[in-house]
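Q: Quick one: structure below, then a few questions.
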Amino acid sequence: MPGLHHVDPGGRPLRLALSDRVGLTKLSVGPMDNNAYLLRAPGGSLLIDAANDPERIDAAVEGEPPATVVTTHRHGDHLQALPDLAARWSSRLVAGRPDVAAIAEETGVPEPDGVWDGDTLAFGDAVVEVVGLVGHTPGSITLVFRPESGPVHLFTGDSLFPGGPGKTWSTEDFGSLMDDLETKVFGVFDDDTVVHPGHGDATTLGIERPQLAVWRARGW
């Protein structure tokens with residue numbers, strides 16, 4: 001049974017209203033069911049993860065390229081369309097500060113502007129906040145959209161999914177990611193907060209919160 005905000009790989013985009021002024025378009029792109037998210041507000045838009053299928057992403061912006069393209073982390077499956085779309089759109093490129101050099105080396109694009117905890121990114125008359133979550137990669141970031149009313153929305157890349165944190169490659173990285181998730185995410189945001197991950201369906205913090213101790217104990 002499809003989960004929250006399900007989209008099929010290569011299928012039609014999902015369009016949602018996150019507030020009275022901000023809309024979301026979600027696409028599943030590429031062979032790994034990567035999510036590309038377009039946030040649009042009066043006066044501008046922002047793309048999260050130019051992961052693959054540049055033609056489909058370009059069609060989704062409907063002739064109004066985003067001023068900013070954010071890459072949530074350095075892994076190759078999240079930036080396959082970045083060189084193509086960066087050249088088409090001349091957008092500002094943004095990523096977590098510890099990952100910017102690796103993203104530039106992988107893609108050949110100019111080094112993105114580095115951001116981290118406390119930074120904000122404007123799109124039109126709306127903003128998202130940046131939260132750094134170290135573990136899946138050194139520079140993984142989550143973007144936070146706080147509407148005037150209704151639940152907060154988190155765009156977590158590969159740091160948090162339904163069922164657990166993103167993959168890590170050492171005990172130290174796992175501990176770092178869990179610490180950051182507990183202090184910067186679960187310790188800050190309410191249960192109705194919606195989590196929009198880098199692959200697959202959405203979830204809420206309320207659904208995931210009871211499993212924090214389980215994740216710690218299993219070590220992944």
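Q: Could you count how many residues in the stretch 30-77 are assigned to a strand (DSSP E or B) and closer than 14 Å to Leu93 by Cβ? Spell out how you get there, then give the answer.
A: So in the stretch 30-77, the residues assigned to a strand (DSSP E or B) come out as 34-41, 44-48, 68-71.
If we keep only those that are closer than 14 Å to Leu93 by Cβ as well, we get 46-48, 68-71.
Total meeting the criteria: 7.
Q: Taking the stretch 78-97 on its own, how many of its residues are assigned to a helix (DSSP H, G or I), touching a residue at least 24 places away in the same chain (Cβ under 8 Å) and of a type outside the set (Lys, Arg)? It would help to see each step written out before you state the result.
A: So the first thing to find is which residues in the stretch 78-97 are assigned to a helix (DSSP H, G or I), and the list is 78, 82-89, 97.
The next check asks that each one be touching a residue at least 24 places away in the same chain (Cβ under 8 Å); those that pass are 78, 82-86, 88-89, 97.
Still in the list and also of a type outside the set (Lys, Arg): 78, 82-86, 89.
Counting residues in the stretch 78-97 that are assigned to a helix (DSSP H, G or I), touching a residue at least 24 places away in the same chain (Cβ under 8 Å) and of a type outside the set (Lys, Arg) gives 7.
Q: Going by the conditions given, is Gly139 modelled with pLDDT of 95 or more, surrounded by 22 or more Cβ atoms within 10 Å (Cβ to Cβ), more than 17 Å from Phe189 (Cβ to Cβ) and small (Gly, Ala, Ser)?
A: Details: modelled with pLDDT of 95 or more: yes; surrounded by 22 or more Cβ atoms within 10 Å (Cβ to Cβ): yes; more than 17 Å from Phe189 (Cβ to Cβ): yes; small (Gly, Ala, Ser): yes.
Yes: the conditions hold for Gly139.
Q: Shifting gears a bit: Take the residues of the stretch 1-46 that are farther than 17 Å from Pro65 by Cα and of a type in the set (Ser, Thr, Tyr): which is surrounded by the most Cβ atoms within 10 Å (Cβ to Cβ)?
A: Ser28
Q: Still on this model: Among Glu62, Glu111, Glu105, which is among the acidic types (Asp, Glu) and over 29 Å from Gly135 (Cα atoms)?
A: Glu62
Q: Among strands (runs of 3 or more DSSP E) lying entirely in the stretch 98-193, which contain 1 or more residues that are of a type outside the set (A, V, I, L, M, F, W, C) and touching an Asp or Glu at 6+ places or on another chain (Cβ under 6 Å)?
A: Those strands (runs of 3 or more DSSP E) span 120-123, 126-132.
Q: Moving on to the next point. Scan Arg88, Arg74 and give me the residue that is more than 19 Å from Asp125 (Cβ to Cβ) and surrounded by fewer than 20 Cβ atoms within 10 Å (Cβ to Cβ). So that I can check it myself, show each step before the final result.
A: Numbers: Arg74 fails: surrounded by fewer than 20 Cβ atoms within 10 Å (Cβ to Cβ).
Criteria check complete, one pass: Arg88.
Q: Name the residue, out of Ala104, Ala67, that is touching a Phe, Trp or Tyr at 6+ places or on another chain (Cβ under 8 Å) and surrounded by fewer than 19 Cβ atoms within 10 Å (Cβ to Cβ).
A: Details: Ala104 fails: touching a Phe, Trp or Tyr at 6+ places or on another chain (Cβ under 8 Å).
Going through Ala104, Ala67 in turn, the sole match is Ala67.
The values are calculated or read from the model by the stated rules, or taken from the named source; none is laboratory data. What you are looking at is a predicted structure, and each value in this text was computed from that prediction instead of being measured. Methodologically, a virtual Cβ is constructed for each residue, glycine included, from the backbone with ideal geometry; neighbour enumeration extends over all protein chains shown.
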